[in-house]
Amino acid sequence: MSDTAANPQFNTPGHHASPDRLVNVPRLVGDFYLFHPDPANPAERVSFGTSGHRGSSFSTSFNEDHILAITQAIYDYRANEHTTGPLFLAQDTHALSAPAFAAALEVLAGNGVHTMIDRDAGYTPTPALSHAILTHNANNKLHRADGIVITPSHNPPEDGGFKYNPPTGGPADTSATKWIQDRANALIAAKLAGVKRIPFRQALGAETTQRHDFIDAYVSDLGSVIDFDVLKGTTLKLAVDPLGGAGVHYWPRIAEQYKLPLEVLNPYVDPTFRFMTLDWDGRIRMDCSSPFAMASMIANKDRYDVAWGCDTDHDRHGIVTKSTGLLNPNHYLAVCIQYLFTYRPEWSERVGIGKTLVSSSMIDRVAKGLGRPMLEVPVGFKWFVDGLIDGTLGFVGEESAGASFLRRNGGVWSTDKDGLICGLLAAEMTASTGKDPGQLYGELTAKYGSPVYQRIDAACSKEDKAKLAKLSPSQVSAKELAGDAITAILTEAPGNGAAIGGLKVTTGNGWFAARPSGTEDVYKIYAESFKGEEHLKRIQEEAKGLVTAALSA
């Protein structure tokens with residue numbers, strides 16, 4: 001009898017994949033070396049999105065040629081920028097990360113770049129790399145460091161990802177990524193002429209390649225951002241699931257060093273990620289904000305007072321509590337803001353909050369209640385980097401479960417998303433207040449209302465997607481949305497005036513934002529209502545009509 005016949009729930013959302021559906025890792029890695037991109041095919045070219053270049057060797061969109069060219073382009077870029085300090089090199093647990101790491105190190109060593117790799121050639125979370133860059137640069141203004149993170153984040157097992165973090169420690173801005181992308185594509189078109197590399201074993205032993213203890217540097221400094229004193233002697237039952245990701249060896253060290261009653265639920269790495277339950281579309285995806293991918297943790301919610309999971313590079317978080325199960329990411333962001341701005345007395349009264357414009361308006365209401373300024377920016381964590389560095393933003397977050405916040409003394413901690421500190425903060429606030437994050441969110445809804453939020457997709461041609469990205473407020477003639485007067489029509493973010501690449505329409509009781517997808521012929525509608533599910537559906541339907549009318553204007 002087949003495995004699927006023995007368990008009919010195999011291969012359905014919220015359940016495990018049958019063995020025959022798992023990624024073929026040997027073939028995946030083999031294709032990384034065997035296939036070469038066609039520079040004339042847009043699908044096989046280097047393309048930097050908001051989180052670097054991503055793809056799969058199966059589709060010839062993430063292969064050795066891509067990595068060699070991107071790494072050489074990064075070397076050329078940092079030479080132009082006079083970045084002369086070390087480059088920190090990190091990798092997650094995806095199968096393609098190891099061969100990409102080897103290819104990158106060959107080029108970095110071939111170009112004589114002082115490269116810092118993990119002491120034990122292990123895995124490094126994105127926030128640990130950001131922390132390493134910032135720590136080095138705090139005392140080295142002349143020879144500043146930067147970094148490369150090899151990760152496709154929570155993407156499926158067959159994917160690979162490669163992103164550059166400049167000396168600010170956070171995601172590179174669009175001017176940097178476009179330069180690197182264009183240079184890399186030129187190198188691929190030239191059949192890699194101009195790429196300098198040496199064999200991996202030689203690169204590993206090169207004088208320019210040095211070991212760095214990412215784990216100790218990060219873990220030993222956590223007390224500056226999390227108040228572990230409130231957790232001393234706690235009777236709380238805590239748990240974390242690294243989801244087979246880059247933080248797998250960090251959690252035992254954290255538990256030991258800070259004497260936490262923290263159970264690590266899955267201390268193993270498996271490039272097939274067979275232990276994951278399938279996401280909404282039947283694919284394996286390490287999305288810690290998805291109730292399908294987090295089904296195993298949700299099923300065990302009553303065993304722990306608070307538990308959490310992190311995605312593969314540990315820049316995102318998912319919080320599970322006895323009271324509510326898996327918290328909606330927007331709900332937890334609001335809870336974090338209320339808690340931090342109440343329990344961080346060293347933060348200046350001028351310190352504000354950063355959010356993306358598709359995050360919940362509950363955040364706006366909490367910020368107003370706290371009397372704190374709020375910066376609303378387009379999608380992309382890069383927009384928060386400056387505010388974290390200069391300490392004017394105490395907490396910043398995205399609707400996709402990514403956030404970071406300042407040290408307890410108001411100094412910068414990480415300028416990239418940090419899932420580890422967001423999970424630990426859930427433990428801190430539960431111990432400090434005697435209520436879990438779900439209960440704390442309940443208190444916020446009693447004060448500010450209970451919003452419902454959803455993202456849906458709508459069909460859209462390539463031509464209309466291009467129009468949507470360039471809409472102006474004057475093209476929207478509607479005065480009401482779902483029975484409420486429209487209070488704002490935005491095509492630029494109010495916090496920094498940057499184009500949002502779409503449209504946002506707000507009222508006193510709800511809003512929607514429409515943005516074209518970067519990968520499919522659809523546009524995404526983010527919508528929220530403070531008047532319930534039926535009102536939300538009305539907003540969504542009227543949003544489609546409003547967008548269609550605007551595109552036809």
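Quick notes
- For region 337-361, the candidate set comprises residues that are touching a Phe, Trp or Tyr at 6+ places or on another chain (Cβ under 6 Å) and outside any strand (DSSP E or B); within that set, the residue that is nearest to V396 (Cα to Cα) is I337.
- Hits in region 379-392 - residues which are assigned to a loop (DSSP other than H, G, I, E, B) and touching a Gly at 6+ places or on another chain (Cβ under 7 Å): G391, T392
Conditions (1) within 16 Å of T151 (Cβ to Cβ); (2) crowded, with 23+ Cβ neighbours inside 10 Å, marked per residue:
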residue	(1), (2)
K237	no, no
D241	no, yes
Y250	yes, yes
R253	no, no
Q257	no, no
P261	no, no
V264	no, no
D270	no, no
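- Complete set of residues in region 180-200 that are farther than 21 Å from P86 by Cβ and not aliphatic (A, V, I, L, M): Q181, D182, R183, N185, K191, G194, P199
- Some residue of region 393-416 being free of Cβ contacts under 8 Å to residues at least 60 places away in the same chain, crowded, with 16+ Cβ neighbours inside 10 Å and in a loop (DSSP other than H, G, I, E, B): no
- Pairs with Cβ under 6 Å, 6+ apart, first in region 33-52 and under 17 Å from R183 (Cβ atoms), second part of a loop (DSSP other than H, G, I, E, B) and at pLDDT 95 or above: P37/T60; E44/P37; E44/D38; E44/T60; E44/S61
- The condition (being at pLDDT 95 or above and farther than 15 Å from V46 by Cβ) is satisfied by just one residue among R183, R211: R211.
- Single unsatisfied condition, F48 versus (1) surrounded by 16 or more Cβ atoms within 10 Å (Cβ to Cβ); (2) modelled with pLDDT of 95 or more; (3) hydrophobic (A, V, I, L, M, F, W, C): (2)
- Of everything in region 66-109 that is closer than 14 Å to N165 by Cα and touching a Ser or Thr at 6+ places or on another chain (Cβ under 9 Å), the residue that is surrounded by the fewest Cβ atoms within 10 Å (Cβ to Cβ) is Y77.
- Extreme residue, nearest to K465 (Cα to Cα), among residues of region 507-524 that are among the hydrophobic types (A, V, I, L, M, F, W, C) and buried (at least 21 other Cβ atoms within 10 Å of the Cβ): A514
- For region 161-174, residues that are at pLDDT 95 or above and either touching a Pro at 6+ places or on another chain (Cβ under 8 Å) or part of a helix (DSSP H, G or I) (or both) total 4.
- Tally of residues being within 23 Å of S432 (Cα to Cα), assigned to a loop (DSSP other than H, G, I, E, B) and aromatic (F, W, Y) across region 237-274: 1
- Those residues of region 470-483 which are under 26 Å from G497 (Cβ atoms) and crowded, with 18+ Cβ neighbours inside 10 Å, in sequence order: L471, V476, L481
- T93 vs. criteria out of contact with any helix residue (DSSP H, G or I) (no Cβ under 8 Å at 6 or more places or on another chain), modelled with pLDDT of 95 or more and more than 18 Å from G110 (Cβ to Cβ): yes
- Test: residue in region 133-141 that is over 26 Å from A403 (Cα atoms) and over 20 Å from the mean Cα position of the chain (by Cα): yes
- Subset of region 480-533 that is acidic (D, E) and over 22 Å from A459 (Cα atoms) - its residue that is nearest to the chain's Cα centre (by Cα): E492
- Long-range neighbours under 8 Å by Cβ, at least six apart or interchain, first residue assigned to a helix (DSSP H, G or I) within region 275-302, second among the polar types (S, T, N, Q): A295/T277; S296/T277; K301/T321
- Exclusive hit being touching a residue at least 12 places away in the same chain (Cβ under 8 Å) and either under 15 Å from A426 (Cβ atoms) or assigned by TED's automatic domain parsing to the domain that holds A95 (or both), set L243, L238: L238
- Within region 199-236, considering residues that are of a type in the set (V, I, T) and in a loop (DSSP other than H, G, I, E, B), the one nearest to L134 (Cα to Cα): V225
- Odd one out for G449 among (1) on the phi < 0 side of the Ramachandran plot; (2) over 27 Å from the mean Cα position of the chain (by Cα); (3) surrounded by 14 or more Cβ atoms within 10 Å (Cβ to Cβ): (1)
- Among all positions in region 354-374, there is no residue which is among the hydrophobic types (A, V, I, L, M, F, W, C), under 28 Å from T135 (Cβ atoms) and within 22 Å of the chain's Cα centre (by Cα).
- Highlighted here are the helices (runs of 4 or more DSSP H) found entirely within region 1-96 that include at least 1 residues which are out of contact with any Phe, Trp or Tyr (no Cβ under 7 Å at 6 or more places or on another chain), of a type in the set (D, E) and within 29 Å of T174 (Cβ to Cβ): 64-80.
Residue-wise test of (1) more than 29 Å from D390 (Cα to Cα); (2) surrounded by fewer than 14 Cβ atoms within 10 Å (Cβ to Cβ); (3) touching a residue at least 60 places away in the same chain (Cβ under 8 Å).
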site: W179; (1), (2), (3): no, no, yes
site: A184; (1), (2), (3): yes, no, yes
site: L192; (1), (2), (3): yes, no, yes
site: V195; (1), (2), (3): yes, no, yes
site: P199; (1), (2), (3): yes, yes, yes
site: L204; (1), (2), (3): yes, no, yes
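- Of the candidates D315, D305, the single residue that is surrounded by 17 or more Cβ atoms within 10 Å (Cβ to Cβ), acidic (D, E), within 22 Å of V377 (Cβ to Cβ) and not assigned by TED's automatic domain parsing to the domain that holds N155 is D315.
The values are calculated or read from the model by the stated rules, or taken from the named source; none is laboratory data. Computed from a predicted structure; not experimentally measured. Cβ: placed from backbone, ideal geometry, glycine included. Neighbour counts: every protein chain shown.
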